Amino acid sequence: MADLVSRARALADDLLFPAAAEVDRLGVVPRSHFDALAEEGFYGLAAPDSGVDLDQLVGVLEALAGGCLSTAFTWLQHHGLVAGLAVTDREDLRERYLPDLISGRLRAGVARAGVIPTPPRVRVQRVDGGYRFDGEAPFVSGWDAIDLLHLSGRDGDTVVNALVSPIVGHSLVAEPLTLMAAQGTATVRLKLDNHFIPDESVFSQVSYDKFVADSIFASRLNGCAPLGLAERCASLIEAAGEEETATALRSEQDEIRRRLNAGLADPATLPAARAAGADLAYRSAGALAAATGSRAVLPGAHAGRLVREATFLLVAASRPEIRAGLLELARR
């Protein structure tokens with residue numbers, strides 16, 4: 001595992017980043033990108049016995065996000081189901097799916113955020129033999145590239161987590177979204193209308209408070225993408241001859257990374273650290289555009305794409321408190 005981060009950086013530099021402009025133009029991530037991640041063993045990083053520590057995990061996530069955001073963002077969703085099945089008491093589901101999820105032979109997406117607001121956007125009702133899911137998951141990525149979906153719904157103070165086949169029908173409708181950046185994530189708005197999921201597909205039921213507490217680590221990992229993008233911008237700024245600017249931006253990266261890690265022990269500080277990371281990515285992309293000059297606004301330019309992707313990261317995987325933090329930073 002010692003070279004895990006260096007392997008991720010090599011993959012980002014040699015495969016993902018050179019293709020990022022074309023992925024952006026076409027709005028599709030080549031399956032070969034995901035195959036390469038599987039070959040490196042990156043689909044099993046969330047497994048408890050993976051042997052990967054926090055620094056390695058952060059290093060891999062940042063490197064891949066700086067290579068191709070569409071690829072990294074889609075791939076990142078997979079790990080929610082790996083983590084969920086690794087600790088489920090449903091041994092049958094764990095044995096059936098987890099080995100193939102860890103190897104990347106099966107690839108997963110996630111629709112969990114709909115249970116966090118009150119009232120929840122995705123609701124469940126207990127019925128004979130299972131649950132009925134209703135509502136809307138507004139942002140589900142990887143729809144064209146996943147084999148399984150981790151779907152969460154809320155019944156009062158209980159969150160129900162289920163494993164679902166991403167097959168549309170009269171009770172499960174996926175509406176493709178057109179995004180200003182990261183279109184290759186194949187993101188959809190998922191609408192559920194009395195969608196039945198049998199008991200045998202439910203892998204956990206947890207209290208709402210535990211669900212929120214368990215999401216703290218995921219929130220810290222979501223802070224990796226802005227820092228990965230910021231580092232790519234710093235690298236390109238340095239290559240343009242603006243070493244002093246690149247050094248200053250990297251110093252901010254180090255400080256925000258420290259704050260994000262500290263947020264695991266003090267979760268109340270995590271939203272401000274997440275906001276600072278997204279703000280840095282946006283400013284770094286702007287600095288790259290300035291360093292690039294008028295070429296930044298031409299089709300296919302890395303600078304213009306990274307500005308749009310930094311805008312995407314201002315709102316992706318966000319929460320009201322992160323948005324408030326960003327607006328506070330704008331007032332300074």
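Results, tabulated for the structure shown:
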| quantity | calculated |
| --- | --- |
| Percent RCO, i.e. relative contact order, over the chain, from Cα pairs under 8 Å lying at least 6 residues apart | 16 |
| Kirkwood Rh, angstrom, segment 8-57 [1 / mean 1/r, Cα pairs] | 12.2 |
| Debye log10 I(q)/I(0) at q = 0.21, 0.30 Å⁻¹ for segment 77-128, Cα point scatterers | -0.84, -1.05 |
| Charged-residue dipole, Cβ positions (Lys, Arg, Asp, Glu), segment 1-151 about Cα centre, Debye nearest 20 | 580 |
| Value of relative contact order over segment 21-89, rounded to a whole percent, pairs C-alpha under 8 Å and six or more apart | 38 |
| D214/E175 FRET efficiency (R0 25 Å; Cβ-Cβ; nearest 0.05) | 0.30 |
| Whole-Å distance, taken between Cα centres, linking segment 152-220 and segment 267-332 | 27 |
| Most mobile of A273, A20, A248 in a GNM of the chain (Cα contacts under 10 Å) | A248 |
| Whole-number Å³ per residue for the convex hull built on Cα positions in segment 99-176 | 110 |
| Segment 175-319 shape via C-alpha gyration tensor axes, a/c threshold 1.5 | oblate |
| Helix-only CD estimate at 222 nm, as mean residue ellipticity for the chain, using -39500 (n - 2.57) per DSSP H run (n ≥ 4) | -17000 deg cm²/dmol |
| Coordinate range along principal axes, alpha carbons of the chain, Å, largest first | 66, 42, 38 |
| In Å², nearest 10: area of T269 left accessible to a 1.4 Å probe | 50 |
| Helix axis angle, 54-67 relative to the chain longest principal axis, alpha carbon, degrees | 70 |
| Heavy-atom accessible area order for R90, R189, largest first, 1.4 Å probe | R189, R90 |
| Residue-level accessible surface for H302, protein heavy atoms, 1.4 Å, Å² | 60 |
| Accessible-area value, D13, 1.4 Å probe, nucleic acids and ligands omitted, Å² | 80 |
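The values are calculated or read from the model by the stated rules, or taken from the named source; none is laboratory data. Note that the structure is a prediction, hence the values are computed from the model and not measured. Here Cβ is always computed from backbone atoms with ideal geometry, including for glycine, and neighbour counts include all displayed protein chains. These accessible areas exclude ligands, DNA and RNA; they are computed on the full protein's heavy atoms, side chains included. Shrake-Rupley method; radii C 1.70, N 1.55, O 1.52, S 1.80 Å.
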